[in-house]
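J.: Mind having a look at this structure? Questions to follow.
Every number here is computed from the coordinates shown, using simple stated rules; none is lab data. Everything quoted here is computed from the prediction, not taken from an experiment. Please note: Cβ atoms are built from the backbone with ideal geometry, for glycine as well, and neighbour counts cover all protein chains shown.
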Amino acid sequence: MGRKGVKMVRKCVFSHIVAAILLLATAAMGQVLNGSFEDFNDVTFMPTDWNSVNVVFVVSTFTSDPQRQRQWLVNEVNAVDGQYFVMLGTAEGGYQESYVYQTITITSGQELSFFYFFGTYDYMPYNDWASIRLTDINNPAIVIKELFYIDVNNVNSYGSTDGWRYFSHVFTEDEEGTYNLELFVSDCYDSVFESFFAVDGLQICLTEQVGNLNDDCTVDFADFGILSSYWQQECYEPNCPADIADPNDDFVDSQDLQVLTTYWLRSE
């Protein structure tokens, strides 16, 4: 068989493997639903898959009020993951606190990660604050564990973070269980001057996830696209993520594809 014939066979085999992948299950086992907040109610602008309380909106851009903010490091915040993010606010409408939550199940070794922004029109000693925490599934008012916290004291009076910041937390065995994952912001003592807490790109996945070539917590067509771009090619770390079956053979072939299909659409 000539070289042309070998290439045609390889192309045919690869096409059949692609067809087989298309027949696999299409529902991923997502730990966090709508963690990038791209889906929302077109009328209320509240995020789908989340329970929303008080001042919660999905937005593409948030611009501060120049007449009220005095020391904000940024005047405008745009989505960092996709086109939208969730913004929680206080004081507007007289609400002292706002939050969103959904029920999740956590196992040891999973990592929570997200981007966040915090800005306030308030001042010390009125220490408005925001957090991400685990609460009781039967009573969201009962806080089981606080995973993230920020307040006016961290950004100074009338201040803000310097745009988006990144946070991650790896869960341990003593944190395993089913909880409400809650994003929360609150005024301190009063509900006069607003504070704002924005979150984007929130996800939970294993820190070492086989087949997740683009680190988005799910093994899907994006990862398949990366692997196919290296198909039947020599592949050397650290510049080639597709050599997943045997990193020492430095070649992307059916063995690597088999690993990818084994973990197909897994998000944990």
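J.: Over segment 51-206, what is the relative contact order in percent, taking alpha-carbon pairs closer than 8 angstrom and at least six residues apart? Let's see the in-between values first.
T.: Numbers: 414 pairs, mean separation 57.4, N = 156.
Across segment 51-206, relative contact order equals 37 percent.
J.: Let me ask something else about it. For a quick check of your reading of the filter: which GluC sites (Glu not before Pro) in segment 107-184 sit in a DSSP loop and have no more than 15 other Cβ atoms within 10 Å?
T.: Working: sites: E111, E146, E173, E175, E176, E182; in loops: E176.
Passing both the DSSP loop test and the Cβ count: E176.
J.: Between V170 and E76, what is the FRET efficiency for a Förster distance of 22 Å, r being their Cβ-Cβ separation, to the nearest 0.05? Show your work: numbers first, answer last.
T.: Working: r = 32 Å, r/R0 = 1.47.
Rounded to the nearest 0.05, the efficiency is 0.10.
J.: Also, quick follow-up: Loop only per DSSP, at most 16 neighbouring Cβ atoms within 10 Å: give me the chymotrypsin sites (Phe, Trp or Tyr not before Pro) in segment 194-260, ordered by residue number. Don't skip to the answer; put the middle values down first.
T.: Numbers: sites: F196, F197, F221, F224, Y230, W231, Y236, F251; in loops: Y230, W231, Y236.
Listed in order of number, the matching sites are Y236.
J.: Continuing with this model, one more query. Sort 38-49, 80-91, 123-134 for me by packing, meaning the mean count of neighbouring Cβ atoms within 10 Å per residue, highest on top. Intermediate values should be presented prior to the final figure.
T.: Details: 38-49: 14.0, 80-91: 21.5, 123-134: 19.8.
Listed from highest to lowest mean packing, they are 80-91, 123-134, 38-49.
J.: Let me ask something else. Can you put W72, W50 in order of Cβ neighbours within 10 angstrom, beginning with the fewest?
T.: W72, W50
J.: Then there's this: What does the extension gain come out to for F221 and N153, with contour length at 0.36 nm per residue minus their alpha carbon separation?
T.: Numbers: separation 68, 0.36 × 68 = 24.48 nm, distance 4.38 nm.
Here the segment from F221 to N153 would lengthen by 20.1 nm.
J.: Could you state the number of Å between the C-alpha centres of segment 87-111 and segment 120-182?
T.: 8
J.: Using a 7 Å offset from the Cα along the Cα-to-Cβ direction at both F45 and Y123, what is the distance between the two label points in nm, to one decimal?
T.: 2.9
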